[in-house]
1. Rounded to the nearest 0.05, what FRET efficiency do Asp153 and Thr408 have when you use their Cβ-Cβ distance and R0 = 51 Å?
2. Say R0 is 51 Å: what FRET efficiency, to the nearest 0.05, do Thr344 and Thr110 get from their beta-carbon distance?
3. Does region 210-286 come out rounded, prolate or oblate, given a ≥ b ≥ c as the square roots of the eigenvalues of its C-alpha gyration tensor, rounded meaning a/c under 1.5 and, failing that, prolate meaning a/b above b/c?
4. Between 0 and 90 degrees, rounded to the nearest ten: what's the tilt of helix 63-77 against the longest Cα principal axis of the chain?
5. Can you give me the orientation-averaged projected area of the convex hull built on the Cα atoms of region 336-427, in nm²?
6. In Å, what is the Rg of the alpha-carbon atoms in region 270-399, and how long is Dmax?
7. With the calculation restricted to Cα positions, what are the radius of gyration and Dmax of region 202-246 in angstrom?
8. No solvent, one uniform scatterer per C-alpha: report log10 I(q)/I(0) for region 385-441 via the Debye equation at q = 0.25, 0.30 1/Å, two decimals.
Amino acid sequence: MQSLAVRFLLLVLAFATPVAAELVDVGRAVDAARRAGLRILDGAHLALATDRPPRAGDGLAEFPAIFDAAVASWCGHFGMAPHDVADWKAFGCLVVDRERFRAAGLLPETLPEFPNGFCDRNRFWLMDQSSPAYRRHLLLHEGVHAFTLTLRDLATPPWYAEGIAEYLAMHRLEAAADGLPRFTPTPLPDSKADVEQLGRIESVRTLRRAGTMPGLVDVFATPPTDHREIAAYAASWAAVACLARHPAHAAAFAACERGPLDATFTDRLAAEPSWDGGRAVRDFDAFTDELDYGFDFARSAIDWAPGRRPVGRETREVDATRGWQNTGLSLVMGGTYAIAASGTVRLGELSAQVGQPMTALESEADGISLRWYRGRPAGRLLAAQWVERPEGGGRPRFVVLATGARCTATAAVDGPLYLKVNEPPGELADNRGAFTVTVTP
Ligand SMILES: [Zn+2]
């Protein structure tokens, strides 16, 4: 029986010192699986043992090739050369009946109870799933754990360990020239079809609507026990996606990832010379506020410049290809401002039916009634401010003050006015044109 002090010390050591991980002997594990009559799917970087009966079209035969392609993309993320991992191999168990693996000595009694998946060094287990896409995602999620635990000695706080596993596992399959499905990473999914039934984006939006989405500081402090909830995975994924891709934070994040992935990871990120913690918190809130399929920081990153008071009537162009645009005009809380917009923008192309010719959708600043986004017509001019303490609670967000070609905005706070054309962030790229907008105090 250990004393409390000794137990505490052991606990600290368990988190602070990555045990020089001795790799699991994949050859021996494969032999044990064969002796137990389990099916083996073998590739360069993965041997997968399963008791799942073969079924036509289940996609399992492609798992090793998909895993090998994923390993190559993970190497790219961490700046490693393929020859650095030439000899690296993981042993995975895709489990229908835990007892068969236990009897074969492939599922130690010492493992904690896990509902979906678990990773120990270069071996991992995943429970079989009814959704082929989720089964594949889980395989790759545990694969990232095996990769980072053994090749990068990962011992970071949980937000990064789980966030990076989600971020690097997200993918879609594309048919290659040889007819076989090809692994294509989609760390920020372009469309629902990329990640069928995964729901990370939906999960962030649900948390946002409920006012329970965590901020970046909360995500950084996520305790390990919280990663039994889908919400914690979605929030950790969102934090990694935002930091890895936002132009203001990507360099600091990448520099930190090239260093040791140890318990000081979050502190070292905060100590990076280019790190701006206050801005990162705000950018993360803006990201989870606006998040949708196809989100692109090049079009939707926010300019937080404070601006100046408007002098008489001010004129601005609102680009239809960008998200929230800072007008550079700082409003006074409670003040009213007349907004008038002219011009027409093109909102991409739409065909009435599959196979029909595409027609360009044109919109004036009142929007079009044909298509709606987040409760308002697409193409409509939106005027908003960033509000740190929005009414009704929840994280800071953009609060829409007024909409349409002629409207009056009452400033919610002292701060800049933001304008944009209402459209999903993933559909901005094919837009054309701008509204000319005047703002008069
Ligand atoms: Zn995990």
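Bear in mind that the values in this text are calculations on the coordinates, not laboratory data. Bear in mind that the values here come from a model prediction, so they are computed numbers and not experimental data. Ideal geometry is used to build each Cβ from the backbone, glycine not excepted, and the neighbour counts take in all protein chains shown.
1. Working: r = 59 Å, r/R0 = 1.15.
In this case the efficiency is close to 0.30.
2. Numbers: r = 67 Å, r/R0 = 1.31.
Efficiency for this residue pair is about 0.15.
3. Numbers: a/c = 2.02, a/b = 1.35, b/c = 1.49.
It comes out oblate by the Cα gyration axes.
4. Value to nearest ten degrees: 60.
5. Working: hull surface 28.3 nm².
That works out to 7.1 nm².
6. Gyration radius and largest Cα-Cα distance of region 270-399: 17.6, 55 Å.
7. Both quantities, over Cα of region 202-246: 10.1, 28 Å.
8. Per q value, in the given order, log10 I(q)/I(0) is -1.15, -1.30.
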